[in-house]
1. Name the residues in the range B:241-282 that are crowded, with 17+ Cβ neighbours inside 10 Å, over 28 Å from B:Gln225 (Cβ atoms) and small (Gly, Ala, Ser), would you?
2. Which one of B:Ser116, B:Ser210 is crowded, with 23+ Cβ neighbours inside 10 Å, of a type in the set (Ser, Thr, Tyr) and more than 14 Å from chain A (Cβ to nearest Cβ)?
3. Sort through B:Leu133, B:Leu110, B:Leu142, B:Leu188 and tell me the only one that's within 14 Å of chain A (Cβ to nearest Cβ) and part of a helix (DSSP H, G or I).
4. State all residues of the range B:146-168 that are modelled with pLDDT under 95 and within 14 Å of chain A (Cβ to nearest Cβ); if no residue qualifies, say none.
5. Could we say that A:Ala19 is at pLDDT below 95 and either surrounded by fewer than 19 Cβ atoms within 10 Å (Cβ to Cβ) or out of contact with any His (no Cβ under 7 Å at 6 or more places or on another chain) (or both) here?
6. Cβ-Cβ below 7 Å, separation at least six or inter-chain, first residue in the range B:215-232 and more than 14 Å from chain A (Cβ to nearest Cβ) and assigned to a helix (DSSP H, G or I), second of a type in the set (Lys, Arg) and crowded, with 18+ Cβ neighbours inside 10 Å: which pairs?
7. Between a first residue in the range B:119-146 that is not assigned by TED's automatic domain parsing to the domain that holds B:Leu338 and a second residue that is surrounded by fewer than 19 Cβ atoms within 10 Å (Cβ to Cβ) and β-branched (Val, Ile, Thr), which pairs have beta carbons less than 8 Å apart while being 6 or more apart in sequence or on different chains?
8. Considering B:Arg80, B:Arg104, which residue is assigned to a helix (DSSP H, G or I) and assigned by TED's automatic domain parsing to the domain that holds B:Ala52?
Amino acid sequence: MKTRLVAAAAMLLMAGTPASAHRLDEYLQATTISVERDRVQAQVRLTPGVAVFPMVLANIDTDADGIISEAEQRAYAARVLGDMSLTIDGDRLQLRLVSLKFAKIEEMKEGGGEIQLEFDADVSSGGPNRRLIFENHHENRIAAYLVNCLVPRDPDIRITAQDRNYQQSFYQLNYVQAGVRSGPRSSAWWSSSRGWLGAAALLLFAGFAFVLPRLTGRALRVVCFFRESKGFTEPVSLSTRTRGLRR
Amino acid sequence: MNVFNRRGRRGRRGGAETLSMKTACGILTLALMCLPVNAPMAQTTTSRIVSAANTFLSTLDQKQRQSVLFAFDDEKQRARWSNLPTTMAPRAGLSLKELNPAQRSAALALVSSALSPKGFEKVQQIMEGDEVLKTSGGNNPLFGKDLFYISILGTPSGKDPWMLQFGGHHLAVNITLAGERGVLTPSLIGAQPALYSLNGKTVRPLGQESDKAIALLNALDENQQKQAILSYRLADLVLGPGQDGKTIQPEGLKASVMNERQRTMLLDVISEWASIARETAAAARMAEIKADIKDTWFAWSGPTTVTPGSNITAYYRIQGPHLVIEYAPQRLGGDPSLHVHTMYRDPTNDYGRRLAAK
């Protein structure tokens, strides 16, 4: 047996191959996205390679005490989510951290430990054809990105196309929702920034609708008074309207 | 038979959808293979595995038996496998290192009884490769044949479901047996080095998986290749360890637009994983996959050429309603053709859930 092994070692074809079982100079970031009617869920697995781990750790263990505290975990998760963006039909969604799990420093140091993050986001109801765009730019100089969509559980949702750039930092997913018409916006829509803008515009419009006739009336009265005092006798359309108001 | 019923339901949903004669024959074959078999040979196969399991257990002392046995539904133990060395991702059960020569021999006889000769040879080559890795790395304690673990979930039985797990660095064989039926998913079959020489003979544990896949790619026409070849890099397995129960959206070229010859080649690639299992289980599995073949996808990412005698450095994925195969060379500081991870799954039946539910 021993002889066989010595022979094997001696005859190893790849001279100088490093006996590495771990990720080295890359930071693997694998995201799986799950699309529902009113929600998008995602799981991200981050696996720093041995060579890049010190750099990654410096961004996690910010007080450099050799312990990843809960606060540091949350801060790092927020940073990762901040480096990501998710839009549906052009609306940027607010990402909510659902859960986080960090492997021990020793495990990550060896290249086998993972950071697992789960997040979700509310999705406004929209038309039958939808376009999701996910971007991940976290640690892009050392990252090896993977992004995939799970087959939707809802049989009424059908994926029609997937597109990525070479690095998979950009991912576009087109899907169709059966039995959906472009109808009233759901409550989720109101929580988005676009929703609030819309609401503000509506209020402004209502305000104008209420105040403008009064202002216009007053303005016209002033104009007519001015015209009369200056001896203008020719009727003008404005003064015609004002006469009505006077009554 | 589940598969038969499911196809039937699909047919009804489809209305005018009719099954071709060939598909019908395939399903019939599958149904016959999966029926509670009365054939003496099939009974012999399972009883042989049960007998090998009991022989192995009889060689162990009480403490060792406690270490090796788990409840059949122990979800933690089911999922306790990885491509990583056992020192980095600890396994449970008994390692070969903890066994005396007789126990070790009985353990390997059990694994051998549950696999085809070709499948067991592949397992041995992967273990041998890890020993080469250990030796070439100056007796690196991360690697070696001693660091492969065996465990049994449930009670070995010719009737009730139970599981045999065997694995270590780059290997996770999960075999669920239920009567005469057997399931080999999920299994991780990797190799490092994926090409080495032992006693004057070149060994490529995953050589056929590489050669057959590139032959299939080359058999596709230009238009088909355009569909099959993905425009992005895949650095690792998507559905590797810890990703049980997930089904990703398939991509690439659908086999429905392949010709018969290309589909046969695709089945031949798939058979490299399916045929690791014992022959009856492999035949049933291949019949199931064949029935689904037109709904199966082939996707490729990376170089489309290979040095003769070497392994490809491209990733590929084969995905069907009951199948996920991934072949993922690893760029871990070395030549990716020498370090390969592969994954073999049935998203509808990993750990034999479909079998055990019956």
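The values are calculated or read from the model by the stated rules, or taken from the named source; none is laboratory data. Every value quoted in this text rests on a predicted model; they were computed, and no experiment measured them. FYI the Cβ positions are ideal-geometry reconstructions off the backbone, even for glycines, and counts take in every protein chain you see.
1. If the condition is that a residue be crowded, with 17+ Cβ neighbours inside 10 Å, over 28 Å from B:Gln225 (Cβ atoms) and small (Gly, Ala, Ser), then B:Ala277, B:Ala281, B:Ala282 are the ones that fit.
2. Numbers: B:Ser116 fails: crowded, with 23+ Cβ neighbours inside 10 Å.
None of the other options fit; the residue is B:Ser210.
3. Working: B:Leu110 fails: within 14 Å of chain A (Cβ to nearest Cβ); B:Leu142 fails: part of a helix (DSSP H, G or I); B:Leu188 fails: part of a helix (DSSP H, G or I).
Exactly one of B:Leu133, B:Leu110, B:Leu142, B:Leu188 is within 14 Å of chain A (Cβ to nearest Cβ) and part of a helix (DSSP H, G or I), namely B:Leu133.
4. Within the range B:146-168, none qualify.
5. yes
6. Listed by first residue and then by second, the contacts come to nothing, as the list is empty.
7. Here the result reads B:Thr135/A:Val6; B:Pro141/B:Thr87; B:Leu142/B:Thr87, each pair linking the range B:119-146 to a residue that is surrounded by fewer than 19 Cβ atoms within 10 Å (Cβ to Cβ) and β-branched (Val, Ile, Thr).
8. Values: B:Arg80 fails: assigned to a helix (DSSP H, G or I).
Exactly one of B:Arg80, B:Arg104 is assigned to a helix (DSSP H, G or I) and assigned by TED's automatic domain parsing to the domain that holds B:Ala52, namely B:Arg104.
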